[in-house]
Amino acid sequence: MELWDIYDKNKQLTGRTMIRNDWNMKEDEFHLTVLGIIKRSDGKYLITKRREDKGWGAGWWEVPGGGVNAGESSFDGIIREIKEETGLEIPKEKGGLSLTYKRINMKEKNNYFVDVYKFIYDFDKKDVTIQKNEASEFKLASLKEIKEYAKQGIFLHYDSIKDAF
């Protein structure tokens, strides 16, 4: 069973945890997720396409990310998520926190903070191994391509993370 820490409205740990995806949060409770923008020196970004059978965002493009486990730092969480979803082991010195935003969604009882990290890391396409239960494919995309996917409404979180690109 995967546990997530619960944070208060100021992104301070409360000492409580929740079961992953157990959407029963109170108004002043938040969990923490992370997203990782990976840019190569040639200007291309690593993006993945969600599987068509996903319940949310099926077939949409995104950057790697996910929930931060209880007791795990935000930075360790994004390093782990990138490894799980892409197979890449990015050296920690290749990036850092770019921005943080908060979402309040009391209708679904799902409030969360998102820490967005940006990494500048040259990797070879052959080093990418996508997590087959999450993504159907990956590509190296230009910022122009990413903006076009966003314009079509098929790039997750773009409006919230565009300043990090």
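The values are calculated or read from the model by the stated rules, or taken from the named source; none is laboratory data. Since this is a predicted model, take the numbers as computed values, not measurements. Cβ coordinates were reconstructed from backbone atoms using ideal geometry, including for glycine residues, and neighbour counts include every protein chain displayed.
If I filter the range 100-108 for residues that are in contact (Cβ under 8 Å) with a residue 12 or more places away in the chain and either assigned to a helix (DSSP H, G or I) or among the hydroxyl-bearing types (Ser, Thr, Tyr) (or both), do I get at least one hit?
yes
Out of the residues in the range 60-87 meeting the condition of being among the acidic types (Asp, Glu) and farther than 20 Å from Asp127 by Cβ, tell me which one is surrounded by the most Cβ atoms within 10 Å (Cβ to Cβ). First the steps, then the outcome.
So in the range 60-87, the residues among the acidic types (Asp, Glu) come out as 62, 72, 76, 81, 84-85.
Right, trim to farther than 20 Å from Asp127 by Cβ and you get 72, 76.
Values: Glu72: 18, Asp76: 14.
Out of the qualifying residues, it is Glu72.
Look through the range 73-98, keep the residues that are touching a residue at least 12 places away in the same chain (Cβ under 8 Å) and charged (D, E, K, R), and return whichever of them is farthest from Leu140 (Cα to Cα).
Lys92
Assuming Trp56 fulfils every condition listed in (1) of a type in the set (Phe, Trp, Tyr); (2) surrounded by 13 or more Cβ atoms within 10 Å (Cβ to Cβ); (3) free of Cβ contacts under 8 Å to residues at least 40 places away in the same chain apart from one, which condition is it?
(2)
Of these, Glu89, Glu148, which one is outside any strand (DSSP E or B), charged (D, E, K, R), over 30 Å from Leu13 (Cβ atoms) and at pLDDT 95 or above? Spell out the reasoning first.
Numbers: Glu89 fails: over 30 Å from Leu13 (Cβ atoms).
Answer to the check: Glu148.
Answer with yes or no whether Thr48 is polar (S, T, N, Q), within 18 Å of the chain's Cα centre (by Cα), surrounded by 13 or more Cβ atoms within 10 Å (Cβ to Cβ) and closer than 17 Å to Val114 by Cα.
Judged against the criteria, Thr48 is not a match.
I'd like to know if the range 94-108 contains one or more residues that are at pLDDT below 95, within 22 Å of Ile6 (Cβ to Cβ) and polar (S, T, N, Q).
Yes: the range 94-108 contains one or more residues that are at pLDDT below 95, within 22 Å of Ile6 (Cβ to Cβ) and polar (S, T, N, Q).
Do the conditions hold for Met25, that is, is it touching a His at 6+ places or on another chain (Cβ under 8 Å) and assigned to a strand (DSSP E or B)?
No: the conditions fail for Met25.
Just give me the residues in the range 106-148 being exposed (fewer than 13 other Cβ atoms within 10 Å of the Cβ) and among the basic types (Lys, Arg), in sequence order.
The answer is Lys107, Lys125, Lys126, Lys132, Lys144.
Mind checking whether some residue in the range 9-25 is of a type in the set (D, E, K, R), buried (at least 17 other Cβ atoms within 10 Å of the Cβ), at pLDDT 95 or above and out of contact with any Leu (no Cβ under 8 Å at 6 or more places or on another chain)? Walk me through it before giving the result.
At the first step, the residues of the range 9-25 found to be of a type in the set (D, E, K, R) are 9, 11, 16, 20, 22.
With the extra rule that they be buried (at least 17 other Cβ atoms within 10 Å of the Cβ), the set shrinks to none.
There is no residue in the range 9-25 that is of a type in the set (D, E, K, R), buried (at least 17 other Cβ atoms within 10 Å of the Cβ), at pLDDT 95 or above and out of contact with any Leu (no Cβ under 8 Å at 6 or more places or on another chain).
Tell me, yes or no, whether the range 131-138 has at least one residue that is assigned to a strand (DSSP E or B) and aromatic (Phe, Trp, Tyr).
yes
If I filter the range 109-130 down to residues being in a strand (DSSP E or B) and not β-branched (Val, Ile, Thr), which single residue comes out as nearest to Phe165 (Cα to Cα)?
Here the answer is Lys118.
So, in the range 26-49, exactly how many residues are under 23 Å from Glu108 (Cα atoms) and modelled with pLDDT of 95 or more?
7
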